[in-house]
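As structure tokens, the structure follows; a few thoughts come after it.
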Amino acid sequence: MYFDSIAAVMDMDGHGVYVWLAYAITVVLLFWLFWVPARQLRVRKLWLVADEQRRNASEVLRSEATRESDVQLDVCSESMESPR
């Protein structure tokens, strides 16, 4: 092995601070590059699910309103046709 101890690995003949700092910055940047798009994808998926639920709910309400208006039209047309 090139280094005799863990302390020698950490020190690296005085260059250890720069080397380990470079590794740390690289790991942080890689984590950030994977985490941010994954978070945005999760948020967009949740938004799409919520939007689909809103659309389904509005279609149900619209179809119920259409049925109610059809019933009202039938009642009105029957009352207009029947003699008083």
Extension length gain for D4 and L29 (0.36 nm per residue less Cα distance), in nm, is 5.9 nm
Report the gain in length on full extension from H15 to V60: 0.36 nm times residue separation, minus Cα-Cα distance, nm rounded to one decimal.
9.4 nm
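Quick note: the coordinates plus some simple rules give every number you see, no bench work behind them. Here the structure is a predicted model, which means the values were calculated and not measured.
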